[in-house]
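One structure is given here, and the rest of the page talks about it.
The values are calculated or read from the model by the stated rules, or taken from the named source; none is laboratory data. Note that the structure is predicted; figures quoted are calculated from it, not measured. Here the Cβ positions follow ideal geometry from the backbone for every residue, glycine too, while neighbour counts run over all protein chains shown.
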């Protein structure tokens, strides 16, 4: 019987592990991936986490993991198959065994949202990617497209512009919702061509991606863009399926939890990108981890 089981080894989960260990709680951290760090492992450079300006995401993820391990937390690499959090004793079932705890801090993060258009699934790994920093090097000197209008899409386009001959940035609106500094850099990049007010209808090709079928929202004109790769950056979906039907979720699948990280179920806390909040950044995830541990201590 653990005091708390932390599900997810991203910034929120690792922060919770550090605070739990410092509070002398018997904590178990379960992370599906072989290395903790979450989404930041796929970030080329982090410039908005205080004190770590310019550090690579992979390196920062390593430091977060090392910090938790310094306090005796050794993440268990297992996939969680089922959670029962309705009773006083919380149960977490993996492929290997069943764990029990007095409380759960759910910090499983979020995953890339898909467009759901023809060809997207068929060409996954064959020109379709959701991570520019992971796969961008495969398209050095080639033509790529980024679909999206937020910070991630803008960052991806800028990252690819340093590798690719040309980058199309396709957005369904006429303005970007990302940070102004990123927008300015995108407009200044000579090899980024903006394709605004445009919807991508299909990814096409034979063995690999060759073209994108698009349509203008302004006049309905259809166009075909010749590309070697396409990077989809249209947002994230929370990994909250394990809690569905047990704790209250909002219409987008995020766990309903306030700044205290408390969910609708006693003894269950949501931390990081899985919970309802306006700002989802490394700094807010780390903060959630600390707040959740404080909450379970009463």
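Can you pull out the residues in the stretch 53-76 that are outside any helix (DSSP H, G or I), closer than 30 Å to residue 248 by Cβ and within 21 Å of the chain's Cα centre (by Cα)? Quick ask: steps written out before the conclusion?
Of all residues in the stretch 53-76, those outside any helix (DSSP H, G or I) come to 53-56, 71-76.
With the extra rule that they be closer than 30 Å to residue 248 by Cβ, the set shrinks to 73, 75-76.
Within the stretch 53-76, 75, 76 qualify.
Can you pull out every residue in the stretch 196-211 that is in contact (Cβ under 8 Å) with a residue 40 or more places away in the chain and under 25 Å from the mean Cα position of the chain (by Cα)?
Selection gives 200, 201, 202, 203, 209.
Being more than 19 Å from residue 177 (Cα to Cα) and either in contact with a helix residue (DSSP H, G or I) (Cβ under 6 Å, 6 or more places away or on another chain) or assigned to a strand (DSSP E or B) (or both) is the filter here; which residues of the stretch 217-237 pass it?
Within the stretch 217-237, 222, 223, 224, 225, 226, 228, 229, 230 qualify.
Quick grid of which residues meet (1) farther than 21 Å from residue 56 by Cβ; (2) surrounded by fewer than 24 Cβ atoms within 10 Å (Cβ to Cβ):
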{"position": "131", "(1), (2)": "no, yes"}
{"position": "135", "(1), (2)": "no, yes"}
{"position": "138", "(1), (2)": "no, yes"}
{"position": "145", "(1), (2)": "yes, no"}
{"position": "150", "(1), (2)": "yes, yes"}
{"position": "154", "(1), (2)": "no, no"}
{"position": "160", "(1), (2)": "no, no"}
{"position": "163", "(1), (2)": "no, yes"}
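Being farther than 26 Å from residue 123 by Cβ, surrounded by 17 or more Cβ atoms within 10 Å (Cβ to Cβ) and modelled with pLDDT of 95 or more is the requirement here; does residue 211 meet it?
On the way: farther than 26 Å from residue 123 by Cβ: no; surrounded by 17 or more Cβ atoms within 10 Å (Cβ to Cβ): yes; modelled with pLDDT of 95 or more: yes.
Considered against the rule, which asks whether it is farther than 26 Å from residue 123 by Cβ, surrounded by 17 or more Cβ atoms within 10 Å (Cβ to Cβ) and modelled with pLDDT of 95 or more, residue 211 comes out as no.
I'm checking my understanding of the structure. Among residues of the stretch 285-298 that are out of contact with any helix residue (DSSP H, G or I) (no Cβ under 8 Å at 6 or more places or on another chain) and either buried (at least 18 other Cβ atoms within 10 Å of the Cβ) or assigned to a helix (DSSP H, G or I) (or both), which one is modelled with the highest pLDDT?
To start, the set of residues in the stretch 285-298 that are out of contact with any helix residue (DSSP H, G or I) (no Cβ under 8 Å at 6 or more places or on another chain) comprises 291, 295-298.
From the residues that got through so far, the ones that are either buried (at least 18 other Cβ atoms within 10 Å of the Cβ) or assigned to a helix (DSSP H, G or I) (or both) too are 291, 295-296.
On the way: 291: 98, 295: 94, 296: 90.
This residue is 291.
Within the stretch 165-191, count every residue that is surrounded by 11 or more Cβ atoms within 10 Å (Cβ to Cβ), more than 21 Å from the chain's Cα centre (by Cα) and part of a loop (DSSP other than H, G, I, E, B).
6
If only one of 137, 145 is closer than 29 Å to residue 235 by Cβ, in a strand (DSSP E or B) and either touching a residue at least 24 places away in the same chain (Cβ under 8 Å) or not assigned by TED's automatic domain parsing to the domain that holds residue 191 (or both), which one is it?
Details: 137 fails: in a strand (DSSP E or B).
That would be 145, the only listed residue that is closer than 29 Å to residue 235 by Cβ, in a strand (DSSP E or B) and either touching a residue at least 24 places away in the same chain (Cβ under 8 Å) or not assigned by TED's automatic domain parsing to the domain that holds residue 191 (or both).
Please determine whether any residue of the stretch 30-42 is over 16 Å from the mean Cα position of the chain (by Cα) and under 24 Å from residue 137 (Cβ atoms).
Just the residues of the stretch 30-42 that are over 16 Å from the mean Cα position of the chain (by Cα), to begin with: 30, 34.
This time we only want the ones that are under 24 Å from residue 137 (Cβ atoms), so: 34.
Looking through the stretch 30-42, at least one residue is over 16 Å from the mean Cα position of the chain (by Cα) and under 24 Å from residue 137 (Cβ atoms).
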